[in-house]
Amino acid sequence: MTNDEAHRKAQLYKLPGIMALLLLLSVGAIAAIYRLPTPIVNYTLEADLRQQAELWKRRVVLHMADTEASFDARALEPSDEDFLMLLPEASDVYRFKLFDADGRIFWSSRKNDIGGANDEPYFDAIVAQGQTHFKQVQKPSSEIDDLLLHVENVDHSQLREVAEVYTPVMIDGRFVGAIEFYTDVTETMYNSITRIRYLLATFFGIAITSLGIVLLVIYRANKSQMRAMQKRNAKERSMMDEQLRLAREVRLLGELNEWLQSSRSLEELFNMVARFMTHILPDAEGSIYVYSNSRDVLDGCASWNGGTHKEHIHPEECWGLRRGRTYEYGASEIDFVCEHAEPHDGRPYFSIPILAHGETVGLMHLCAVPDKCEGFRESKKLAQMCAEQISMAIANVRMRDQLHDQSVRDPLTGLFNRRHMTETLRKSIAQSQKTGDPLSVIAIDVDHFKKFNDTHGHDAGDMVLRAVGSVLEQVCDGEQVACRIGGEEFTALLPGTSNSDALKRAEELRQAVEAVVVRYGDKNLPRVTISAGVSHYPAHGTMPQDLMRAADDALYVAKGKGRNQVVCAANSALIGQAAPETLPDDDNASPQIAAE
């Protein structure tokens, strides 16, 4: 948040205080309207009356025949008295008095005042010093004379505001006396106060209204700016949250890719996918299907977040696979449910084909977790990115498996090669040493194979080898391993198989090969037969080369005895000595299992 934004926010938060201040100002204005005019009016009224008293004094002095003599003698000429008696009727003065220098009243518009004296300190301290003295007192209306000029609209039940002004009379700088004027200022004062109150009320009203308008404008502007700032902050927070979410997704995708690339098998890969997808797409139930080797069905491999997968589905059951792109159920006005998603409860889902090198290798099905449909729809792009990572990992594992198969399998028959056979035999011997389980080796050779090549050509010989390899692969099951050593030589490893069962399995293999009909071109090739030698662990050795040599020796015995038969190796002490003894042939000279 910038300093300007913080300042505006602080100003907005101070608005209640400003409104309270405005209320206080209003209360203060009302108090000022009622209290302030009185001292103002009194001040201005006093100044006006002081000037007016000077005019009244001049009128009195100028109409007197001899002012100095009158004040010194304390007596007026009859003409002067007549003039002075007319003054209250011709001015705002309703009463006035003449004082001598000692403060005694020697004449008054009211006869009963004559003879009185003013012994107040201000008379000697102020008036006798040549200065005007003003005072305002309240008097009952009965104190005012009955002149209509003075009593118009007078309410006799109220007190009146009366101004008393003492004006000094100076002759050549000498104080000879003073004149006191009485004037009723009630109406003037109240009218002035009322006018000033109206003016103050108008002023304060305009000021407070203007201030209120300014505050309202400021409040609205600040409120608008605050809303804009909140929207901007919300947008920035949303962008930051989005960036953090994207960063997290990128990080998880990177980690997913790294782990998937290090997986050793598809099973391990799918376990990794299930764990990562739970964190990457927490709002989605998911499952993965991968095409089988036959490419006719997809096999269910993994599921997560409560999702389930079927053992097998057909490609035609998925609209995503049929359309060749991601199918989003719930995004259009009219949708169709994939058959593999049945039964369906109406929640949106994605069916995302998994493509590798332009070829569809599988399907990722994602369905929204209940009550999280909106967040699920927003994860479509991320789900597609996950599918891309998974597709590349599947392609890499399969490519690695293919390369491994090419390194351990015979390209002609598809059986394991000699290298793999040697490694497997070593591992099987080590396992048998730990567990005591039996282990047997069958050495196999195709009888008269050179004649097939010489008579019918190498292509025919290859067909014979493929046929023998196919039979060998079918007969060997479970952990039993079929290998092509080279040329027409084959080997079968039978871990966990007893000696008698190994001999039976060798005989089954011989009979199965003999029963095979190999067709080349438009004709059948001659009957194919094999000879086999069997050795057992540990009777015939505890090292791979010992077992393989014993089986080979037994194979050579079978060939020497007429081929198309199975011979079991002699004890290890007899290996390499005189020819083994074989079982006698039956009446039809059918192949036999011989013991060395």
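Rule-based calculations on the coordinates, nothing more; no lab input. Keep in mind that what you see is a predicted model, and the values were worked out from it rather than measured. We place every Cβ from the backbone using ideal geometry, glycine too, and count neighbours over all the protein chains shown.
Between rounded, prolate and oblate, where does segment 409-595 land on the alpha carbon gyration tensor, with a ≥ b ≥ c its root eigenvalues, rounded for a/c under 1.5, else prolate if a/b exceeds b/c?
Details: a/c = 1.96, a/b = 1.34, b/c = 1.46.
Oblate shape, in that a/c is at least 1.5 and b/c is the bigger or equal ratio.
Where the alpha-carbon atoms of segment 398-447 are placed on the principal axes, they occupy 36, 35, 13 Å, in descending order. For Asn293 and Tyr43, the difference between the fully extended length at 0.36 nm per residue and the C-alpha to C-alpha distance is 78.5 nm. For Val27, Val165, the sequence from fewest to most other C-beta atoms within 10 Å is Val27, Val165. Percent of Cα pairs in segment 437-489 per distance bin of 5 Å, from zero to the largest separation: 4, 18, 27, 21, 14, 8, 5, 2, 1, 0.
Taking 0.36 nm per residue of separation and subtracting the Cα-Cα distance, full extension of the segment from Lys380 to Ala512 would add 42.0 nm.
Helix 544-560 axis versus longest C-alpha principal axis of the chain: approximately 40°, rounded to the nearest ten. Listed by chain and number, the lysines placed with their C-alpha closer than 20 angstrom to that of Lys372 are Lys380, Lys381; residues fewer than eight positions away on the same chain are left out. Model label sites at Tyr520 and Arg322, defined 7 Å from Cα along the beta-carbon direction, differ in position by 4.9 nm. Residue-wise HN-Hα couplings along segment 299-306, as the Karplus relation 6.51 cos²θ - 1.76 cosθ + 1.60 with θ = phi - 60° gives them from phi, are 9, x, 10, 7, 8, 7, 6, x Hz; Gly and Pro carry x.
With the convex hull of the Cα atoms taken as the outline of segment 262-403, the averaged projected area works out to 8.2 nm².
Calculated mean residue ellipticity, 222 nm, the chain: -16500 deg cm²/dmol, from DSSP H runs (n ≥ 4) at -39500 (n - 2.57) each, averaged per residue and rounded to 500. A straight Cα-to-Cα reach below 20 Å connects Lys223 with the lysines Lys9, Lys14, Lys231, Lys235, residues fewer than 8 places away in its own chain not being considered. Magnitude of the charge dipole for the chain, about its Cα centre and with charges confined to Cβ atoms of Lys, Arg (+1) and Asp, Glu (-1), is about 1740 debye. The order of Lys231, Lys434, Lys372, going from fewest to most other C-beta atoms within 10 Å of their C-beta, is Lys434, Lys231, Lys372.
For Lys451, the lysines whose Cα falls under 18 Å of its own Cα, not counting residues fewer than eight places away in the same chain, are Lys523, Lys559. A cut-off under 11 angstrom between Cβ atoms defines the neighbours of Met85, and their net charge, with Lys, Arg +1 and Asp, Glu -1, is -2.
Once both labels are positioned 7 Å from their Cα atoms along Cα-to-Cβ, the gap between Arg104 and Ala90 label points is 3.0 nm. The modelled label-to-label distance for the pair Ser407/Leu23, using points 7 Å beyond Cα in the direction of Cβ, is 8.7 nm. By the equivalent-ellipsoid construction on the alpha carbon gyration tensor, the chain comes out with semi-axes of 141, 23, 16 Å, ordered largest to smallest.
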